[in-house]
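Engineer: Have a look at the structure that comes next, please.
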Amino acid sequence: MIETFIAQYYTNQTIPKLIVTQEHVNQSLMSEFFKLNYDIEVKVINKAIGDKRVWLTMAQKNAQIALKQKLMQSESQENRVEALKAIFNLSDSFSRIECFDISHTMGEGTVASCVVFDKGNLQNKEYRRFNIEDITPGDDYAAMREVLMRRYKKIATGEGVKPDLIFIDGGKGQLNIAIEVIQELGLSDIMLVGIAKGEGRKPGLEQLFLEGKTDPIIVKKDNVGFHLIQQIRDEAHRFAISGHRAKRAKKRITSSLEDIEGIGAQKRKNLLVYFGGIERIKNASIEEIIMVDGINKKLAEKIYDYFH
């Protein structure tokens, strides 16, 4: 029923004062629904004339175009998935891919990412980031071991969803680490693939390494399955970098404030909550800084002098 659709649609959308539809709608029922549930007066029109008919016609055309594009995208994605399955000789039951990447700056602020591709699409609600702390700075192998162990330890005991395929952003070394971890955890029936950057780190020249094979497999650059591999790998890279940058920014804020004598975790928090960010603290006057809970005049002067 159109009434049910309208009611469900506006549970998480801005409710307008006027709804125009080409379908017959029980106007009094819908008006009563919005009044009772949202205390909003909404007028529903079944027969549009004048400008409202023009709007309705435009809305219909836009909906048809959007549906056509959605169907084309769905068909294109299905082709890419089928091509990927052909590259790795995957079974028809194949569905879930997880891809890992490591990001840091000169070994500092290491963050690992895991992105998930399932049921033909990236599942961003299932993405995860992992802060990597207890390793030698810059040791990508140790970082990869830690993230894989943390990710799959629970899955090995029956919790969570086991992937059919794991992509590792890296060459033979990172792939061998992944093989070791998966074997240690007793997981089976998971294909592991290392995605190594090609010559000059140019897109399209990536090499794919498989467990048990010395040489990379050769895939044509125009293979749509290869394009899907690149998309998933790029998403893992983006997600890792954004997490790493956020970690670095947080560290800069924390360290810059806590370098000031008399500023601990609580006063730092009070300052950030009051001003909304480090830049506003830097630009604040002594009189403004004194307004923060726990900050006296002497400490406010220290904070001001630190940034000036």
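Engineer: So which residue, out of Ile290, Ile182, Ile132, gets the largest mean-square fluctuation from a GNM of the chain using Cα contacts under 10 Å as springs?
Structural biologist: In this elastic network of the chain, the residue with the biggest mean-square fluctuation among Ile290, Ile182, Ile132 is Ile290.
Engineer: Now for a different question. Give the Debye-formula value of log10 I(q)/I(0) at each listed q (0.14, 0.19, 0.20, 0.21 Å⁻¹), with one equal scatterer per alpha carbon of segment 83-202, two decimals each.
Structural biologist: -0.60, -1.11, -1.22, -1.33
Engineer: If each residue's Cβ is checked for other Cβ atoms within 10 Å, how do Ser103, Ser31, Ser285 rank with the fewest at the top?
Structural biologist: Lowest count first: Ser285, Ser31, Ser103.
Engineer: Moving to a separate point now. Springs between alpha-carbon atoms under 10 Å, Gaussian network over the chain: tell me which of Glu32, Glu133, Glu78 tops the mean-square fluctuations.
Structural biologist: Glu32
Engineer: While we're here: Given 4 °C and 1.567 mPa s, compute D for segment 259-307 with the Stokes-Einstein relation, Rh being the Kirkwood radius over Cα pairs; round to the nearest whole µm²/s.
Structural biologist: My calculation gives 124 µm²/s for D.
Engineer: Rg and Dmax of segment 2-88 over Cα atoms: what are they, in angstrom?
Structural biologist: Over segment 2-88's Cα set, Rg and Dmax evaluate to 18.7, 58 Å.
Engineer: Using the Kyte-Doolittle scale, find the helices of the chain whose mean hydropathy is at least 0.5 and whose Cα atoms extend 30 Å or more along the helix's long axis, counting only whole DSSP H runs.
Structural biologist: Helices passing the filter in the chain: none found.
Engineer: Work through the residues other than His237 whose Cβ is under 9 Å from its Cβ and net out their charges, Lys, Arg +1 and Asp, Glu -1.
Structural biologist: Here the count lands on -2.
Engineer: After finding the eigenvalues of the alpha carbon gyration tensor for the chain, what semi-axes result from the square roots of 5 times each, listed largest first in whole Å?
Structural biologist: Taking √(5λ) for each Cα gyration eigenvalue gives 43, 40, 18 Å.
Engineer: Could you line up Thr21, Thr136 from fewest to most neighbouring Cβ atoms inside 10 Å?
Structural biologist: Thr136, Thr21
Engineer: Hey, what do the phi angles of segment 94-102 turn into as Karplus ³J(HN,Hα) couplings, whole Hz, using 6.51/-1.76/1.60 and θ = phi - 60°, x for Gly and Pro?
Structural biologist: 4, 8, 9, 10, 10, 10, 10, 9, 10
Engineer: So how do Arg268, Arg280 line up by other beta-carbon neighbours within 10 Å, fewest first?
Structural biologist: Arg280, Arg268
Engineer: Right, another one. Helix-only estimate, please: 222 nm mean residue ellipticity of the chain, summing -39500 (n - 2.57) across DSSP H runs of length 4 or more and dividing by its residues, to the nearest 500.
Structural biologist: Estimated from H runs of four or more residues: -16500 deg cm²/dmol.
Values quoted throughout were computed directly from the atomic coordinates according to the rules given, and no laboratory measurement underlies them. Model, not experiment: these values are computed from the prediction. FYI the Cβ positions are ideal-geometry reconstructions off the backbone, even for glycines, and counts take in every protein chain you see.
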